[in-house]
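Enquirer: The structure follows.
The values are calculated or read from the model by the stated rules, or taken from the named source; none is laboratory data. Not measured: the values here are computed from a predicted model. All Cβ positions, glycine included, derive from the backbone under ideal geometry; neighbour counts span all protein chains shown.
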Amino acid sequence: MENALLVQPNPADPRLTRRVTGIDHTGAAVEASVTVERPLTLYLNGQEIVTMMTILDRPEELALGYLLNQGMLRPGDDVTGVEYDDDLDVVVVRTAARTNFEEKLKKKTLTSGCAQGTAFGDLLEGFSAVQLPRAELRTSWLYRLLHRINQLPTLYLEAGAIHGCALCRQDQPLVYMEDVGRHNAVDKIAGWMFREHCDPADKIFYTTGRLTSEMVIKTVRMGIPILVSRSGFTAWGVELARQAGLTVVGRCKGKRFLALAGEERIVFDADLRYVEEESAKHWRKNSREAEGSAGPGGQDPEA
């Protein structure tokens, strides 16, 4: 798996973006790319679970990852089928044995807003019992990894209004997923790991989103020992990361970063004289169409 080609959305896929016309700040007519979101309804063993707003590029992985990260599936469960109907925008997950969640659930609808990342589920169930591997993080890996992620052709750079997450090993991104909600992007990677039987012990999880309690809990549930973000932290996220032994590094831009949990496992082996500052053309704020008018500067999403 570690030698696999990078898995990521195709920014040129016409199903994922749409061209629309409008005007800019000068009143001039402009054409821009916008991200297409659609509702995806998830069923588990015949029970309707949730409707999510998503870009629908990886519906099977999103469904599996959502169920895993909500605790409705366990890593050892025998999943007998994951079927996506692109006419109905429905994905059905089936297991060999009925889980104990179907009878408890009511249908929920998730918007693409970040505050609606989770509809239900006791995410803290079993959290304190998780034992993460004590993996080291070398700053030489971190700086090269951030540079490589910035160079990826992404839907964000094509159309904006989207979050990205990456599963990485040392300084190499292995899987990059995007979606209108950061939690969808996380769940897609969890689903991919489940399908590929991916060992999380030596992996790094990267996100463009805030390091909130839920982001920490999902990373711990996935068994990944290192969590990295461009954005900042919440107090409960830091507290839970320290409790779980998760290394958490945020505000990663250019030479700068801030580690607030697991910092003792960071190895400072990079010579900062040879680390480049992040170029303005890689600032992840505006789509390419907006750069000509608003410029690439400004705050990062969720900074």
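Enquirer: Given the conditions (1) touching a Leu at 6+ places or on another chain (Cβ under 6 Å); (2) at pLDDT below 95; (3) of a type in the set (Gly, Ala, Ser), and given that GLY164 satisfies all but one, which numbered condition is not satisfied?
Expert: That leaves (1) as the condition not met.
Enquirer: Identify, please: which residue in region 5-33 is of a type in the set (Val, Ile, Thr) and over 30 Å from the mean Cα position of the chain (by Cα) and is, among those, farthest from TYR156 (Cα to Cα)?
Expert: The qualifying residue farthest from TYR156 (Cα to Cα) is THR26.
Enquirer: Do you know which residues across region 267-277 are over 20 Å from ILE149 (Cα atoms) and either in contact with a Leu (Cβ under 9 Å, 6 or more places away or on another chain) or among the β-branched types (Val, Ile, Thr) (or both)?
Expert: VAL267
Enquirer: How many residues are of a type in the set (Gly, Ala, Ser), in a loop (DSSP other than H, G, I, E, B) and touching a helix residue (DSSP H, G or I) at 6+ places or on another chain (Cβ under 7 Å) when one looks only at region 161-214?
Expert: At the first step, the residues of region 161-214 found to be of a type in the set (Gly, Ala, Ser) are 161, 164, 166, 181, 185, 190-191, 201, 209, 213.
Right, trim to in a loop (DSSP other than H, G, I, E, B) and you get 161, 181, 201, 209.
Filter again for touching a helix residue (DSSP H, G or I) at 6+ places or on another chain (Cβ under 7 Å), leaving 181, 209.
The qualifying residues number 2.
Enquirer: Could you grab me the full set of residues in region 21-53 that are in contact with a helix residue (DSSP H, G or I) (Cβ under 7 Å, 6 or more places away or on another chain) and among the small types (Gly, Ala, Ser)?
Expert: ALA32, SER33
Enquirer: Filter region 196-211 down to the residues that are under 16 Å from VAL7 (Cα atoms) and not aliphatic (A, V, I, L, M), then identify the one that is surrounded by the fewest Cβ atoms within 10 Å (Cβ to Cβ).
Expert: HIS197
Enquirer: Given the conditions (1) of a type outside the set (D, E, K, R); (2) surrounded by fewer than 16 Cβ atoms within 10 Å (Cβ to Cβ); (3) assigned to a helix (DSSP H, G or I), and given that PRO14 satisfies all but one, which numbered condition is not satisfied?
Expert: For PRO14, the exception is condition (3).
Enquirer: When the residues of region 224-265 are filtered to those that are in contact with a Ser or Thr (Cβ under 6 Å, 6 or more places away or on another chain) and assigned to a strand (DSSP E or B), which remaining residue is nearest to ARG148 (Cα to Cα)?
Expert: Only one residue fits best here, namely SER229.
Enquirer: Starting from residues that are more than 30 Å from THR95 (Cα to Cα) and not aliphatic (A, V, I, L, M), keep the ones in region 22-49 and report whichever is modelled with the lowest pLDDT.
Expert: The residue in question is HIS25.
Enquirer: Take ARG19 and tell me if it is touching a strand residue (DSSP E or B) at 6+ places or on another chain (Cβ under 9 Å) and either surrounded by fewer than 18 Cβ atoms within 10 Å (Cβ to Cβ) or modelled with pLDDT of 90 or more (or both).
Expert: For ARG19, the condition - touching a strand residue (DSSP E or B) at 6+ places or on another chain (Cβ under 9 Å) and either surrounded by fewer than 18 Cβ atoms within 10 Å (Cβ to Cβ) or modelled with pLDDT of 90 or more (or both) - is met.
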